[in-house]
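The values are calculated or read from the model by the stated rules, or taken from the named source; none is laboratory data. Here the structure is a predicted model, which is why all the values come from computation and not from measurement. Cβ coordinates were reconstructed from backbone atoms using ideal geometry, including for glycine residues, and neighbour counts include every protein chain displayed.
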Amino acid sequence: MIHNPINEFRTSNDELPKEGSVVLAHTSQLPHQHGTYDALVLNARSRQSLVTMRSLGRQGLRIAAMETIDAVPIPAFSSRWCHHKTICPTQEGTKEYLTSLEQVLDSTAARVLITASDGTVALIRQHREQLESRIRITLAKEPALAIAVNKERTLQVAKQLGVAIPQSVTVGVVSEVGAAVREVGLPAVVKPAESWVQGEQCRVTCQLVTTLDEARQAVETLTCFGGRVLFQQFLSGRREALNFFYANGQMYARFAQWAKRTNPPLGGISVLRQSIALPLDIGEQAERLVREIELEGYSEVEFRRDSAGHPYLMEINPRLSASVELAVRAGVDFPYLLYQWANGDRIDVVKDYRIGAWMRYLGGDFATTLASLLQRDRPGVAPPAQAILDFCTSFLVPMSYDYLDWKDPLPILAAMIGFPRCLLQNRRKRLSKKSP
């Protein structure tokens, strides 16, 4: 009998099947004695989803989690607070994924939906009315989301408010690159206006370019699926992120951190970061921007400084970001605030947090160090000897590590076992993109 993967998925409280085997079950075959779950956490592979699971689990809530079949390993599935896990056999952001998601909603009766990726945010936005009739969603309203996920629109609002933005030119076709280079100069950063490409179901990231040929190639790559890109000045200063929780006209929590290292080295996810006091020069600006957009729920407002220390707005992230665990460990439990807000509970007000706390994503930091060796002499990339020294000396600094929680030890074991496989998968993806 041939099974239709659109109508099937694997869901249970058992361990995952061995590599190479897949167990699928019809929704009608699922047991119903599990009862109602307090939250369904999507994108279980992500670090922020594990943080969410631990945060809500410590509050005594029952958590279900879902991830796609191509996302193994999934450390969150090993968590003591993962009460129900589902592997969906389809790619995130697709109509088939939506069908599987609705089946999971039927089987779990979860009250709150928490997402952690651009793909699922795009899908939820597209089918929001349909989903909101069944579950409470932890995302801002559509008008605010439409601005926050689009860098071009975000920068336009910021400019109107007097917030400094980097020199940028919008480019739609390769033939416009020459004019953009003359206006912005080189090196420069080419970034998509929106990170998620609907229809192609893929996430695209920014690229550093140092020559005209590199600029043309980057624009061609990022515009091949349609859409426009921003050709933006390169800023070499440190990256600072401000996190807010805003709802009902009130700011319930504020948090700030800076990233010492990121993966990739230029503006990727932060792999070594420290909590800091809210910067005086950008704290009020960022909060004013969130209020102007009316971006309720969690948001991360990212700034980058130039070599002289002047800050410029980069973007806003309207979903839980990968670096959120530092905020939780410093005393600002953003995942639980999200749950309180979506569930209609009283929202806690967080007035302060621990400053100076360090946190490290060791796997990502290893990848960053390796990238520094491969990308030597590129702007913004540390020299190889300095990169290796910084990586090693970081072990001497007291800090917390992503995945590591002595009260929930199994996820870090899963992450360690799966790390080589993740490196191999990422390598294959990069090679496939380069191939004609």
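Take Y298 and tell me if it is crowded, with 22+ Cβ neighbours inside 10 Å, aromatic (F, W, Y) and either assigned to a loop (DSSP other than H, G, I, E, B) or in contact (Cβ under 8 Å) with a residue 40 or more places away in the chain (or both). So Y298 passes the test.
The residues on offer are W341, W358, and the sole one that is at pLDDT 95 or above, among the hydrophobic types (A, V, I, L, M, F, W, C) and touching an Asp or Glu at 6+ places or on another chain (Cβ under 8 Å) is W341. Take S275 and decide whether it is surrounded by 21 or more Cβ atoms within 10 Å (Cβ to Cβ), in the same structural domain as M359 (by TED's automatic domain parsing) and touching a residue at least 60 places away in the same chain (Cβ under 8 Å). Taking the combined requirement at face value, the residue satisfies it.
Does S432 satisfy the criteria of being at pLDDT 85 or above and part of a helix (DSSP H, G or I)? Taking the combined requirement at face value, the residue does not satisfy it. On the basis of being of a type in the set (V, I, T), at pLDDT below 95 and more than 14 Å from M314 (Cβ to Cβ), does V173 make the cut? Yes; evaluated as a whole, the condition is true for this residue. In the condition set (1) under 28 Å from C82 (Cβ atoms); (2) modelled with pLDDT of 90 or more; (3) within 21 Å of the chain's Cα centre (by Cα), C422 is compliant with all but (2). Assess whether L105 counts as being surrounded by fewer than 23 Cβ atoms within 10 Å (Cβ to Cβ), in contact (Cβ under 8 Å) with a residue 24 or more places away in the chain and either among the aliphatic types (A, V, I, L, M) or outside any helix (DSSP H, G or I) (or both). In short, yes. Please pick out the residue among A179, A116, A188, A218 that is under 23 Å from the mean Cα position of the chain (by Cα) and more than 22 Å from G297 (Cα to Cα). So the residue among A179, A116, A188, A218 that is under 23 Å from the mean Cα position of the chain (by Cα) and more than 22 Å from G297 (Cα to Cα) is A218.
Only one of the numbered conditions (1) touching an Asp or Glu at 6+ places or on another chain (Cβ under 9 Å); (2) within 18 Å of S49 (Cβ to Cβ) is not met by F334, and that is (1). Among the residues of region 289-319, those that are among the aromatic types (F, W, Y) and within 18 Å of the chain's Cα centre (by Cα) comprise Y298, F303. Filtering region 154-170 to residues that are in contact (Cβ under 8 Å) with a residue 12 or more places away in the chain and closer than 19 Å to P192 by Cβ leaves T154, L155, V157, A158, I165, P166, Q167, S168, V169, T170. For T262, the criteria (1) part of a strand (DSSP E or B); (2) surrounded by fewer than 18 Cβ atoms within 10 Å (Cβ to Cβ) hold in every case but one, which is (2). Residues that are in a loop (DSSP other than H, G, I, E, B) and in contact with a strand residue (DSSP E or B) (Cβ under 8 Å, 6 or more places away or on another chain) were ranked within region 364-408; the one that is nearest to R261 (Cα to Cα) is G380. In the set Y339, Y353, only one residue is among the hydroxyl-bearing types (S, T, Y) and either outside the structural domain of G268 (by TED's automatic domain parsing) or part of a loop (DSSP other than H, G, I, E, B) (or both); that residue is Y353. Of all residues in region 363-379, those that are over 22 Å from the mean Cα position of the chain (by Cα) and touching a residue at least 12 places away in the same chain (Cβ under 8 Å) total 5. Only residues that are surrounded by fewer than 22 Cβ atoms within 10 Å (Cβ to Cβ) and either touching a strand residue (DSSP E or B) at 6+ places or on another chain (Cβ under 6 Å) or charged (D, E, K, R) (or both) were counted in region 331-352, giving 10.
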